[in-house]
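S.K.: Sharing a structure here in C-alpha cells format.
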Amino acid sequence: MKSKREKPFIAGVTTIAVLSSLLLLGMVFFMFRESLPIWSDIGVFQFLTGTTWRPVAAEPIMGIAAMLVSTLWVALGALVIAAPIGFGCAIFMAEFAPRSLAAVIRPVLNMLTGIPSVVYGFLGAAVLVKYFEATFDLASGESLFAASLVLAIMILPFIIANSEAALRAVAPQIRYAGLSLGVSRQYYTVHILVPMARKGMIGALVLGLGRAMGETMAVLMLAGNTLLLPISWFSKGEPLSALIALEIGSATPGTAHYQALFAAGLVLVVLVITVNLMMNTILAGLKR
C-alpha cells in the first residue's frame, strides 16, 4: 500500500515522464512533417546512401551518406578513446584512490561538464590542429580524428561519473564476501566488482555516445567540413550536426534545402534513439 505522502510524489514523477515523452514525440513529429517532401520526392534509400550534396543547384541532389559516415567516425572514435580511460579512472576513484584525492577529482570533473563546447573547439583548433600541422607537415590539421580527441575529453566526465556511481552501488555484502575469500583487491575489482556494475557502466557509454553524436560546435571547428565521403579516421568530414549548423541560417523556409536539413536532423535523432534502444536491449539481456 502506498502512503499518502508517496502518492503525490509518484503522480508528479509520472507526469514529468509523460510530458518528457510527449515532448520527444512532438519534436520527432515536427521534424518528420517538415521533411516529408524529401522522403516522398527523393526516397529514404537515396537520401541515406547518396554521396552528393547540392541542395541549391538548378536540379538539387541531396544525399547524406558522407555526413552520416562522418558522424559515426567521430562519435565511435571518441567512444573508443574515452571508454578505457573513463572506466580506468572510475575504477581508480571507486576502489583505489584515497578519499582526499577523490574528493578533489570529482568537483573538477563536474566543472568540465559545464565548459561550453565552443571553448573545447577553440582550444582544439588552437592547440591540437596546430600540433598536427607542425608534426606531420600538413596543410591543415583538421580531421575527424582531431574532432574525436576533443569529443573524448568532453564525454569523459559523463562516463567517469556514471561508471563510478555504478561501481559504488554494488552492495557492500558482495564486497565483503569477495574480500573475505582472501583474493587481492585487483582480482576482486576485475572479476567481481566490474561484472556486477557492468549494466551501469554500459549505460554510461550510451550517455557518452549520445553526447558525442549530438555535439555541434567542437566538430564544426575541427572536423574539416568537407562533403566528401571519409575513407578513414584521419580524413576530413562534416558530421550531420555540423551540416545543420552551417547551412540552416542560409536555407529559406519551405525550400528543398530547408526540408533536407530537417530530414538530416531527423536521421540524427533516430540514430541516437536507435543506439539507446539497442543498448537497453543489451542491458535487459544482461539482467536476465
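S.K.: Do you know which residues across the range 33-79 are hydrophobic (A, V, I, L, M, F, W, C), closer than 30 Å to M154 by Cα and either without any contact (Cβ under 8 Å) to a residue 24 or more places away in the chain or in contact with a helix residue (DSSP H, G or I) (Cβ under 6 Å, 6 or more places away or on another chain) (or both)?
M.R.: Across the range 33-79, the qualifying residues are I64, A65, M67, L72, W73, V74, A75, A78, L79.
S.K.: Could you grab me the full set of residues in the range 9-41 that are β-branched (V, I, T) and either surrounded by fewer than 10 Cβ atoms within 10 Å (Cβ to Cβ) or more than 22 Å from the chain's Cα centre (by Cα) (or both)?
M.R.: I10, V13, T14, T15, I16, V18, I38
S.K.: When both residues are 6+ apart or on different chains and their Cβ atoms are under 9 Å apart, which pairs have a first residue that lies in the range 171-198 and is farther than 17 Å from A97 by Cα and without any contact (Cβ under 8 Å) to a residue 24 or more places away in the chain, and a second that is of a type in the set (G, A, S) and surrounded by 10 or more Cβ atoms within 10 Å (Cβ to Cβ)?
M.R.: That search, which allows pairs on different chains as well, returns H191/G178; I192/A177; I192/G178.
S.K.: Further, regarding this structure: Can you name the residue in the range 88-104 that is among the small types (G, A, S), within 19 Å of Y188 (Cβ to Cβ) and in a helix (DSSP H, G or I) and is also farthest from the chain's Cα centre (by Cα) among such residues?
M.R.: Across the range 88-104, the extreme among qualifying residues is A102.
S.K.: Something else: So which residues in the range 192-218 are of a type outside the set (G, A, S), assigned to a helix (DSSP H, G or I) and closer than 16 Å to A264 by Cα, if there are any at all?
M.R.: Hit for the range 192-218 is M213, nothing else.
S.K.: Residues of the range 127-170 being surrounded by 20 or more Cβ atoms within 10 Å (Cβ to Cβ), farther than 24 Å from M111 by Cβ and free of Cβ contacts under 8 Å to residues at least 60 places away in the same chain, which ones?
M.R.: G141
Only the coordinates and a few stated rules stand behind these numbers; no lab work does. Nothing here was measured: the structure is a model prediction, and the numbers come from that model. Cβ: placed from backbone, ideal geometry, glycine included. Neighbour counts: every protein chain shown.
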